[in-house]
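Enquirer: Would you mind keeping the following structure in view while I ask a few things?
Bear in mind these aren't lab numbers, they're just calculated from the coordinates by the rules spelled out. Owing to the predicted nature of the structure, the values given are computational and were not obtained by experimental measurement. Virtual Cβ from ideal backbone geometry, glycine too; neighbours counted across all protein chains shown.
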Amino acid sequence: MKHLTQQLAKLSFFTGIKQICAINSGLSSPSFKVQTSQGFFFAKYLNNNDFFVSTINAEVKANEIAAEQGLAPKVCYADKYWLISQYINGTELAKSTLCLNDKLQVAINLMQKCHQLNRQTCVDHLPILSIENTINSLINYDFYQTAQLTLLKQIAQHLVASIQVNANYFCHGDINFSNILITKNTADNEQKQPYLIDFECACLADIEYDLAMLLAINNPEPAYHNAVIHMYEGATVTGISVGINKTTVTRYLSFCYLINALWYFNKFKQTHNENMQRCALKQFTLFDNMKIFAVKLSEKMR
């Protein structure tokens with residue numbers, strides 16, 4: 001971590017650095033709060049050795065596009081290693097005191113605004129979601145036994161055959177409650193504002209994909225699944241009514257459980273963090289509950 005702070009301090013963007021503090025929340029890339037004579041900034045290290053197919057350039061561009069519409073913090077500087085953005089003095093939605101229903105509503109409102117972004121603005125910068133490439137990019141052959149690899153390939157083939165991606169919408173791809181910041185009130189009459197962060201999984205895909213990932217990564221009780229779909233269909237932030245295909249959500253949900261499980265499993269193998277192992281097994285179990293295959297991944301992937 002020390003070498004990253006040293007690297008960060010040398011960036012030409014910054015002048016008069018007073019303090020650099022690591023931000024320990026979250027599971028993805030190393031991040032820092034940088035205090036300068038000009039104010040505070042958020043710095044994210046773009047190591048790009050993760051497993052999702054979105055590129056560094058796509059992440060930066062997706063953040064910029066969303067920021068132009070007030071959905072994300074403003075990007076101040078970016079290169080192949082660092083993304084520097086406006087620092088938001090806020091609380092993760094995951095840590096807020098809102099009830100689950102209200103958290104879901106905040107997330108869905110932001111999601112719907114993303115889906116209304118002009119596709120032409122995004123098409124030259126964001127990748128189209130590929131079921132096959134995403135799964136393959138997450139399968140590290142050093143981490144699995146031959147029988148496990150065979151099973152994963154069979155599941156991948158099934159998902160590729162069952163999901164037809166329509167790349168019609170800007171999708172964040174990872175709207176978990178930890179990727180939403182709610183600003184803190186600085187005055188009694190000032191309204192709190194939500195912002196999306198971490199666009200490393202941004203892509204062009206179906207609305208149903210974003211909804212499925214919302215369900216998979218936040219894991220509300222199954223009784224909430226239909227409620228989330230109804231929330232999206234009834235959201236009024238854009239004034240446009242959109243019908244959601246529940247079958248498509250279900251198919252994407254199995255895909256999301258799988259890629260989340262593989263992501264956590266890779267993190268466990270890299271870091272030996274037992275919490276990552278527990279998260280992987282939980283997502284594998286949720287995949288098993290879809291009853292797509294008789295063989296249980298939660299048992300085979302231990």
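Enquirer: Over the chain, what relative contact order in percent results from Cα pairs under 8 Å that are six or more residues apart?
Expert: The normalised contact order for the chain reaches 16 percent.
Enquirer: Okay, moving on. Test of understanding: what is the full-extension gain from residue 136 to residue 23, defined as 0.36 nm times their sequence separation minus their Cα-Cα distance?
Expert: The span from residue 136 to residue 23 would gain 37.6 nm if fully extended.
Enquirer: Using a simple charge model, +1 on the beta-carbon of Lys and Arg, -1 on the beta-carbon of Asp and Glu, nothing else, what dipole does the chain show about its Cα centre, in debye to the nearest 20?
Expert: 640
Enquirer: Sorting check: for 165-176, 138-149, 82-93, which peptide has the highest mean count of neighbouring beta carbons within 10 Å, and how do the rest follow?
Expert: 165-176, 82-93, 138-149
Enquirer: Same structure again: In terms of Cα to Cα distance under 16 Å, which lysines are near enough to residue 44, apart from those fewer than 8 places away along the same chain?
Expert: Qualifying lysines at Cα under 16 Å: 2, 10, 33, 61, 74, 80.
Enquirer: Oh, and also: How much mean residue ellipticity at 222 nm does the chain get from its helices, if each DSSP H run of length 4 or more adds -39500 (n - 2.57) and you divide by all residues, to the nearest 500 deg cm²/dmol?
Expert: Result for the chain: -14000 deg cm²/dmol, rounded to the nearest 500.
Enquirer: For the stretch 90-300, build the charge dipole from Cβ charges (+1 Lys, Arg; -1 Asp, Glu) around the Cα centre, then report which of 215, 100, 258 sits farthest towards its positive end.
Expert: 258
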